[in-house]
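As structure tokens, the structure follows; a few thoughts come after it.
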Amino acid sequence: MRILAIITGEYGQRHVNNIRTHGPSDWQIEVWQAPLVLPPIVDYPEDYLPESLPPADLLLAFGEHKGVAELVVEAAKMAGAKAVIAPVDREEWLPRGLARQLRGWLDDIGVVCVTPKPLCSLTETHYNVRRHRQEYDDPLIAEFARYFGRPGFRITVDPDMRTITEVEVTRDAVCGCARHVAQELVGVSANDAEQEAGLLHHHYPCLAGMVKDPDFNDTLMHVSGNILKDQIGEQVKPYKEVVYVVPGRLSEG
């Protein structure tokens, strides 16, 4: 698969580095550094695009400025892309209205676009969480999401000690957070695994925003952390100790 990533800074570069390091060896990944300064409204996108872009099947829009989204349609045309992933890890980079418009603009030219919010909610069939979940059907995006998106783990627990002995990452977050968390969970008790995973996620650091998002009434960083903790929790649930509290009389002093 040929992939073109549009980046403007560290956020996108970290994603690209992780994809190159841990993605399939036959993926061809090219990068275009978009302009760092763009006007509030981009009337003529072609003025800010290079003369040519590498051919691509899938385009990843990792810009850190909402103006970059207005370049995506022309960039997709130029690269011949058939699908686009434009994540929303910060509302100010891709506001919901612009994300909706972008999906519509690309649909008009026959290009499938998903806008996962946050990026680590992406799976092979859907993205987003709770009532905002969106289904999609595209083989290119699904192929990418086999390896990167909503974190997936295969955890081995010692049934006697109830501690984690091995963690295999079946799907990494695009930023690499899931792999980082997995490396630190060996030796942690099943009871403490979710809490420890949350702390590790928080300290990675996650690249999602810390401003309260109106769609979730929470920060996207916390939404991202909860996605990861839920995946860990499902794996260790059979090994967690259940403590029963039996009501009784207070002890006599």
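The values are calculated or read from the model by the stated rules, or taken from the named source; none is laboratory data. Bear in mind the structure is a predicted one, so any value in this text is a computation, not a measurement. Glycine gets a Cβ as well: all are built from the backbone with ideal geometry, and neighbour counts include every protein chain shown.
Does ARG90 fit the bill of being in contact (Cβ under 8 Å) with a residue 12 or more places away in the chain and surrounded by fewer than 19 Cβ atoms within 10 Å (Cβ to Cβ)?
no
Output the residue which, of all residues in segment 140-162 that are in a helix (DSSP H, G or I) and in contact (Cβ under 8 Å) with a residue 60 or more places away in the chain, is farthest from LEU185 (Cα to Cα).
Among those residues, the one meeting the criterion is LEU140.
Residues PRO95, PRO139: which one is exposed (fewer than 15 other Cβ atoms within 10 Å of the Cβ), assigned by TED's automatic domain parsing to the domain that holds SER52 and at pLDDT below 95?
Matching residue, one of PRO95, PRO139: PRO95.
Just the residues that are farther than 19 Å from ARG171 by Cα and loosely packed, with under 12 Cβ neighbours inside 10 Å, please, taken from segment 9-31.
GLU10
How many residues are in a loop (DSSP other than H, G, I, E, B) and loosely packed, with under 15 Cβ neighbours inside 10 Å when one looks only at segment 32-66?
11
Residue under question is ASP137, and the condition is that it be more than 25 Å from VAL211 (Cβ to Cβ) and not in a strand (DSSP E or B); does it hold?
In short, yes.
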